[in-house]
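Heads up: the structure comes next, in structure tokens.
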Amino acid sequence: MNTKYILKWLGVLLFLYIGWCTTLYFIQEKFIFFPFSEYAQYPTPNELKWEEVTFPTEDGETLHGFWMNNGDPQTILFFHGNGGNISHRLGQLFLFQKLGLNALMMDYRGYGKSTGEIDSEEDLYRDGSASLKFLIEEKKVPLQNIIFWGESLGTSVATFLAQEVDTKALILEAPFASFTDVVRYHYPFLPVNWMLKYALDNKKRMDDIHIPVLILHSTEDDIIPFSQGQELFEAASEPKTLVELSGGHNDALSHSTEKYFKAVQEFLQ
């Protein structure tokens, strides 16, 4: 085959590849964040002691969330994953109620009833900081009674806050060592170090986190490999606990309900 012909087509393929990667760079939020505006359901008043709350971010957005007060000084600040909204996490609220804990879960900007949209990694952290400020200033919850709980994407918001302030504990559910590692795992042919605007590096933060850490991760997770949770666990300081669950990335709670509940209960005690 003619060498010149081969080089010509290799050049075309390279051009198309670079063009495709460049396009993905500019629209990557469409592949990372999957917000739902409409709520799937609301908890009924006789099921949970909850109320809807709103609070501002430092850059002028308004976040919406559920606040549940069970009268316990321990309070969960929950950060959900990249899909849906807080109405898809009512199972978590029922778990928190069963544990007798207070809880705040909010939607990031662009999710549910929260205004705006996510344009950068910093937007996630602004939303996390706003929810912490709301708990402290509006609900008068002392820092030492707050437990950061992150799920999947939300683990990055939780670790960001945990490196900034010392609270009671940190719980990470289906976490990644870094988002870059996860994308590289699924798409090894992409130049992820160049493409990604979202590092979301949990592992890098672990040296600056000095509170008890609980990691919950399914060995069957097909989105964020269990090895990512193990890597994060190894990087964490003592005291720390790693609990192996079963089920997929989004249904480990329903597949491992008893083990899940017992692990959290024992950790908090």
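The values are calculated or read from the model by the stated rules, or taken from the named source; none is laboratory data. Treat the numbers as computed from the prediction; the structure is a model and nothing was measured. Virtual Cβ from ideal backbone geometry, glycine too; neighbours counted across all protein chains shown.
Residue under question is residue 203, and the condition is that it be basic (Lys, Arg), surrounded by 15 or more Cβ atoms within 10 Å (Cβ to Cβ) and over 18 Å from residue 259 (Cβ atoms); does it hold?
Working: basic (Lys, Arg): yes; surrounded by 15 or more Cβ atoms within 10 Å (Cβ to Cβ): yes; over 18 Å from residue 259 (Cβ atoms): yes.
When the stated conditions are applied, residue 203 passes them.
Out of the residues in the stretch 17-43 that are surrounded by 13 or more Cβ atoms within 10 Å (Cβ to Cβ) and over 30 Å from residue 63 (Cα atoms), which is modelled with the lowest pLDDT?
The extreme case among them is 17.
Can you tell me which residue within the stretch 89-104, out of those that are more than 14 Å from the chain's Cα centre (by Cα) and of a type outside the set (A, V, I, L, M, F, W, C), is modelled with the highest pLDDT?
Looking at the filtered set, the residue picked out is 102.
For the stretch 134-167, how many residues are outside any helix (DSSP H, G or I) and buried (at least 18 other Cβ atoms within 10 Å of the Cβ)? Talk me through it step by step, then tell me what you get.
Start the filter on the stretch 134-167 by keeping residues that are outside any helix (DSSP H, G or I), which leaves 138-142, 146-153, 165-167.
When the remaining residues are screened for being buried (at least 18 other Cβ atoms within 10 Å of the Cβ), the result is 141, 146-153, 167.
So the count comes out to 10.
Could you count how many residues in the stretch 131-160 are closer than 22 Å to residue 215 by Cα, hydrophobic (A, V, I, L, M, F, W, C) and out of contact with any Ser or Thr (no Cβ under 8 Å at 6 or more places or on another chain)?
Final tally of qualifying residues: 6.
Restricting to the stretch 67-86, count the residues that are under 18 Å from residue 171 (Cβ atoms) and assigned to a strand (DSSP E or B).
6
Of these, 183, 243, which one is without any contact (Cβ under 8 Å) to a residue 60 or more places away in the chain, under 19 Å from the mean Cα position of the chain (by Cα) and within 21 Å of residue 148 (Cα to Cα)? Lay out the reasoning, then the answer.
On the way: 183 fails: within 21 Å of residue 148 (Cα to Cα).
Selected residue: 243, the only one of 183, 243 that is without any contact (Cβ under 8 Å) to a residue 60 or more places away in the chain, under 19 Å from the mean Cα position of the chain (by Cα) and within 21 Å of residue 148 (Cα to Cα).
Between 237, 218, 254, 227, which is within 12 Å of residue 173 (Cα to Cα) and small (Gly, Ala, Ser)? Don't jump to the end; show me each part of the working.
Working: 237 fails: within 12 Å of residue 173 (Cα to Cα); 254 fails: within 12 Å of residue 173 (Cα to Cα); 227 fails: within 12 Å of residue 173 (Cα to Cα).
After applying the criteria, what remains is 218.
Mind listing whichever residues of the stretch 52-85 are at pLDDT below 90 and either within 18 Å of residue 123 (Cα to Cα) or among the acidic types (Asp, Glu) (or both)? It would help to see each step written out before you state the result.
Kept after step one, since they are at pLDDT below 90, are these residues of the stretch 52-85: 70-73.
Within the stretch 52-85, 72 is the sole residue that qualifies.
Can you say whether residue 176 is at negative phi, surrounded by 15 or more Cβ atoms within 10 Å (Cβ to Cβ) and aromatic (Phe, Trp, Tyr), as far as the supplied structure shows?
Details: at negative phi: yes; surrounded by 15 or more Cβ atoms within 10 Å (Cβ to Cβ): yes; aromatic (Phe, Trp, Tyr): yes.
The answer is yes for residue 176.
Could you pull out the residue among 224, 209 that is crowded, with 17+ Cβ neighbours inside 10 Å and over 16 Å from the mean Cα position of the chain (by Cα)? First the steps, then the outcome.
Details: 224 fails: over 16 Å from the mean Cα position of the chain (by Cα).
Sole residue among the options that is crowded, with 17+ Cβ neighbours inside 10 Å and over 16 Å from the mean Cα position of the chain (by Cα): 209.
Taking residue 216, is it assigned to a helix (DSSP H, G or I) and within 26 Å of residue 96 (Cα to Cα)? Don't jump to the end; show me each part of the working.
Working: assigned to a helix (DSSP H, G or I): no; within 26 Å of residue 96 (Cα to Cα): yes.
The answer is no for residue 216.
Can you tell me which of 107, 119, 166, 207 is under 25 Å from residue 86 (Cα atoms), of a type in the set (D, E, K, R) and at pLDDT below 95? Break it down stepwise before answering.
Values: 107 fails: at pLDDT below 95; 166 fails: under 25 Å from residue 86 (Cα atoms); 207 fails: under 25 Å from residue 86 (Cα atoms).
Answer to the selection: 119.
Determine whether residue 77 is more than 21 Å from residue 253 (Cα to Cα), crowded, with 20+ Cβ neighbours inside 10 Å and in contact with a Phe, Trp or Tyr (Cβ under 8 Å, 6 or more places away or on another chain). Let's see the steps before the verdict.
On the way: more than 21 Å from residue 253 (Cα to Cα): no; crowded, with 20+ Cβ neighbours inside 10 Å: yes; in contact with a Phe, Trp or Tyr (Cβ under 8 Å, 6 or more places away or on another chain): yes.
No; evaluated as a whole, the condition is false for this residue.
How many residues are assigned to a helix (DSSP H, G or I), of a type in the set (D, E, K, R) and over 15 Å from the mean Cα position of the chain (by Cα) if we restrict to the stretch 111-133?
Start the filter on the stretch 111-133 by keeping residues that are assigned to a helix (DSSP H, G or I), which leaves 121-133.
Narrowing the set further to residues that are of a type in the set (D, E, K, R) leaves 121-123, 126-127, 133.
In the following step, the residues that additionally are over 15 Å from the mean Cα position of the chain (by Cα) were identified as 133.
Matching residues across the stretch 111-133 total 1.
Of the conditions (1) farther than 20 Å from residue 150 by Cα; (2) in a helix (DSSP H, G or I); (3) modelled with pLDDT of 90 or more, residue 11 clears all except one; give me its number.
(3)
Within the stretch 110-122, which residues are surrounded by fewer than 22 Cβ atoms within 10 Å (Cβ to Cβ) and within 29 Å of residue 227 (Cβ to Cβ)?
Of all residues in the stretch 110-122, those surrounded by fewer than 22 Cβ atoms within 10 Å (Cβ to Cβ) come to 110, 113, 115-122.
118, 120, 121, 122 - these are the residues of the stretch 110-122 that are surrounded by fewer than 22 Cβ atoms within 10 Å (Cβ to Cβ) and within 29 Å of residue 227 (Cβ to Cβ).
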